[in-house]
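All remarks here apply to the structure that follows.
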Amino acid sequence: MKKLVLSSLIILIGITFLGRLSYLQIFRISPNQILEDPAVTIVYDYPERGYIYDRNGNLLVANQPAYDVMVVPRDVKPLDTLEFCSMLGITREHFIKQMEKARIYSPRLPSVLVPQLSKEDYASLQEKMRKYRGFYIEKRSLRDYDTNAGASVLGYISEVNEWDLKSNPYYELGELTGRTGIEKQYEDVLRGRKGKKYIQKDRFNRVIGPYKEGSLDTLAKAGTEIHITLDKQLQEYGERLMVGKRGGIVAIEPGSGEILSMISGPTYVPELLVGRERSRNYSGLHNDSISKPTWDRSILAEPSPGSPFKTLQALAALQEGVVSTETSFRCYNGFYVGRTKRGCHCGGGLRTMNSGIYKSCNAYFAGTFRKFYESFETTDKAMDVWEKHMKSFGLGDYLGYDLPTGRPGRIPNKAYYDKVYGDGRWTSTYIISNAIGQGEVAATPIQLANMTAAIANRGFYYTPHFLKKIGDKTIDNPEFTERKYTTIDPEHFEPVVRGMADVYTKGTAKWLQVPGIDIAGKTGTVENYTRIEGVRTQLTDHSVFIAFAPVDNPRIAIAVYIENGYYGARYAGHIASLMIEKYIQGEISRKDLEKRMLEKTLEHEYAKPYTGSEFKINEYVW
């Protein structure tokens, strides 16, 4: 009986030990536990990022091979560092710094010592690396661009930093991630999923084979290709037109909200931020505080919108029944605020809504603005209604487009002016500059383009966006496919659209007509100030232009903003007309205009604050 009890106890203890061991080995294995074993190392298999195509299936971004020199600190044996550094083309100081960084990160996990070797460097090093224990070369893929355009839209990739490692457990030191633009916004789709292989070694650090016969290994999954709404040819053409100019261009398809082009000038070639020279090139671009090539003016610049904003004043006044299309105001080559006269270029005379729009009469819209405010019991009530109408066009707030950055612009409200002037101590005459798109209103180029799309659609817009397809699947995101309606009834848009069409036929842009295309547009000239040696100084005006075409079946809505570009029809208007013709017709009929815009530069204007040269100051804005 005692023998039976003793035998049973021994068997029970054995079963317990075996069960616990099986549980630990099979059910409770974690990567960290495995890597605590010095005989096991991990090797990552990095997938290719997904390709990026334009709306027509043209390739924008692909991949090219690159090679990283990796180090596992715990496996490193004594070596001739001078010889090793000479072979890799790095300094001994850099080697020591990277080794220390790798040890702090993890003695057991691989870290990047030298990133992104070329194919030629890899070919000469791969055999020599075998004599250096703890070091190896790992293949990666870097971006390869099939276009020199779209840098600010496409974005770039770079190594993860400490914040990335803390905020996302997916990443390991030395991996690459989307840093800006589309690359960042759709990182989860483009990056794919890395594979892992656990390798077992013997006591002499020789590879035996896969740990547990590869049962814990995972396969890499390539990133998914995406198609974006950008038109490659239009984007490249627009960037050529912007050479020597600063500003932004945004073109949208009104019927879908798809962004056809988004251009910031000056820009840079995307390939500058690829490879071992990426950090140096980025520093040079980022530290250029004068031309600011990495600052995306199309979504970050917030100038006053100028006269294109007048179209919304007309729409708000019609909606509230403040004026009719035949209501007239007399222009005395300007208008008076108290005893102060504000200028106007329209030539003077009696103006209705149609002529007020196509001649861009400041006096007409100042009169309309005053009448709007006077039609309400209080200024506060008028301000609330006015703000509601302006914001319904996507102004004064983030539009929700799919880029990871941007600015909201500004539509001032009652609280804003109460803070400036005091509650109940201001009237419409205090803020009359808002009537003509000056004053405190501000809008980014993408907001102006979206506003134009809403007018083209006669009262609604779609959230501007870039994503068109992921793989073979067309997106069906309600945020991008549902209409956003303005507060203006559809019937009020037609007289404003007619006035904008007349801008091209007999108004301020009559010299910009495009054969065979009916275009509706609005010129704008925006006052431009800066501080020079502490003194507020007026510079040459900004040139602004909005347009859509064709008038009755719009395929493109565009906003162009050119810093120091003189009046609206001069630079912005010419560029907008060329972009519209390029998109709709595919060819440019006015080769002389095209040649002039491709060759013209405004660098002399941008140099004036530093040279002391005089600026061109307009007596009025329009």
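The values are calculated or read from the model by the stated rules, or taken from the named source; none is laboratory data. Only a predicted model underlies this, so the values are computations on that prediction, with no experimental measurement involved. So basically every Cβ, Gly included, is an ideal-geometry build from the backbone, and we count neighbours across all protein chains shown. Just so you know, the surface numbers come from the protein's heavy atoms only, side chains and all, with ligands and any DNA or RNA stripped out. Shrake-Rupley method; radii C 1.70, N 1.55, O 1.52, S 1.80 Å.
Only one of the listed residues (T463, T452, T487) is assigned to a loop (DSSP other than H, G, I, E, B), open to solvent by less than 60 Å² (accessible area, probe 1.4 Å), under 30 Å from N58 (Cβ atoms) and in contact (Cβ under 8 Å) with a residue 12 or more places away in the chain. That residue is T463. Scanning the stretch 565-595 for residues that are open to solvent by less than 40 Å² (accessible area, probe 1.4 Å), closer than 30 Å to K608 by Cβ and assigned to a helix (DSSP H, G or I) yields A572, G573, H574, I575, A576, S577, L578, M579, L593, E594. In the condition set (1) touching a His at 6+ places or on another chain (Cβ under 9 Å); (2) without any contact (Cβ under 8 Å) to a residue 12 or more places away in the chain; (3) of a type in the set (S, T, Y), Y529 is compliant with all but (1). Residue count for the stretch 137-189 satisfying the condition of being in contact with a Gly (Cβ under 8 Å, 6 or more places away or on another chain) and charged (D, E, K, R): 5. The set of residues in the stretch 333-390 that are in contact with a strand residue (DSSP E or B) (Cβ under 9 Å, 6 or more places away or on another chain), aliphatic (A, V, I, L, M) and surrounded by fewer than 16 Cβ atoms within 10 Å (Cβ to Cβ) contains only L350.
Listed by position, the helices (runs of 4 or more DSSP H) enclosed by the stretch 317-392 that each have at least 1 residues that are more than 20 Å from D502 (Cα to Cα) are 362-374, 379-391. What are the residues in the stretch 114-167 that are at pLDDT 85 or above and aliphatic (A, V, I, L, M), if any? Selection gives V114, I137, L142, A149, A151, V153, L154, I157, V160, L165.
For V496, are the conditions met, namely being more than 30 Å from L59 (Cβ to Cβ), of a type in the set (A, V, I, L, M) and modelled with pLDDT under 95? No. Per the listing V526, V560, V544, the residue uniquely buried (at least 23 other Cβ atoms within 10 Å of the Cβ), of a type in the set (V, I, T), modelled with pLDDT under 90 and out of contact with any Leu (no Cβ under 7 Å at 6 or more places or on another chain) is V526.
Got a number for residues in the stretch 66-94 being open to solvent by less than 30 Å² (accessible area, probe 1.4 Å), more than 14 Å from P110 (Cα to Cα) and assigned to a helix (DSSP H, G or I)? The number of residues fulfilling the criteria is 3. Within the stretch 283-316, the set of residues being touching a strand residue (DSSP E or B) at 6+ places or on another chain (Cβ under 7 Å) and not in a helix (DSSP H, G or I) comprises D296, A301, E302, P303, S304, P305, G306. Taken together, the residues in the stretch 190-199 that are buried (at least 17 other Cβ atoms within 10 Å of the Cβ), on the phi < 0 side of the Ramachandran plot and not hydroxyl-bearing (S, T, Y) amount to 4.
Against the definition (β-branched (V, I, T), part of a strand (DSSP E or B) and more than 17 Å from D144 (Cα to Cα)), how does V61 come out, yes or no? Judged against the criteria, V61 is not a match.
Each row is one residue, and each column tells you yes or no for (1) β-branched (V, I, T); (2) touching an Asp or Glu at 6+ places or on another chain (Cβ under 8 Å).
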| site | (1), (2) |
| --- | --- |
| T452 | yes, no |
| R458 | no, yes |
| G471 | no, yes |
| D489 | no, no |
| G499 | no, no |
| K522 | no, no |
| T530 | yes, no |
| F545 | no, no |
| P550 | no, yes |
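When only residues in the stretch 253-282 that are in contact with a helix residue (DSSP H, G or I) (Cβ under 7 Å, 6 or more places away or on another chain) and part of a helix (DSSP H, G or I) count, which is nearest to T177 (Cα to Cα)? My answer is L273. Output yes when any residue across the stretch 471-484 is touching a residue at least 60 places away in the same chain (Cβ under 8 Å), charged (D, E, K, R) and either assigned to a loop (DSSP other than H, G, I, E, B) or under 26 Å from H574 (Cα atoms) (or both), and no when none is. There is no residue in the stretch 471-484 that is touching a residue at least 60 places away in the same chain (Cβ under 8 Å), charged (D, E, K, R) and either assigned to a loop (DSSP other than H, G, I, E, B) or under 26 Å from H574 (Cα atoms) (or both).
Per-residue answers, yes or no, for (1) over 21 Å from the mean Cα position of the chain (by Cα); (2) over 16 Å from H389 (Cβ atoms); (3) surrounded by 16 or more Cβ atoms within 10 Å (Cβ to Cβ):
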{"position": "Y421", "(1), (2), (3)": "yes, yes, no"}
{"position": "G424", "(1), (2), (3)": "yes, yes, no"}
{"position": "S428", "(1), (2), (3)": "yes, no, yes"}
{"position": "I436", "(1), (2), (3)": "yes, yes, yes"}
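Selection over the stretch 241-286 of residues that are touching an Asp or Glu at 6+ places or on another chain (Cβ under 8 Å) and either of a type in the set (K, R) or free of Cβ contacts under 8 Å to residues at least 12 places away in the same chain (or both) gives a count of 2. Residues that are over 15 Å from the mean Cα position of the chain (by Cα), of a type in the set (S, T, Y) and surrounded by 17 or more Cβ atoms within 10 Å (Cβ to Cβ) within the stretch 288-311 comprise S304, S307, T311, listed in sequence order.
Among strands (runs of 3 or more DSSP E) entirely within the stretch 113-180, having at least 3 residues that are within 18 Å of Q64 (Cα to Cα) and either open to solvent by less than 20 Å² (accessible area, probe 1.4 Å) or in contact with a Phe, Trp or Tyr (Cβ under 6 Å, 6 or more places away or on another chain) (or both) singles out 135-145. Among residues that are surrounded by 21 or more Cβ atoms within 10 Å (Cβ to Cβ) and either farther than 27 Å from Y462 by Cβ or under 19 Å from the mean Cα position of the chain (by Cα) (or both), L285 is not included.
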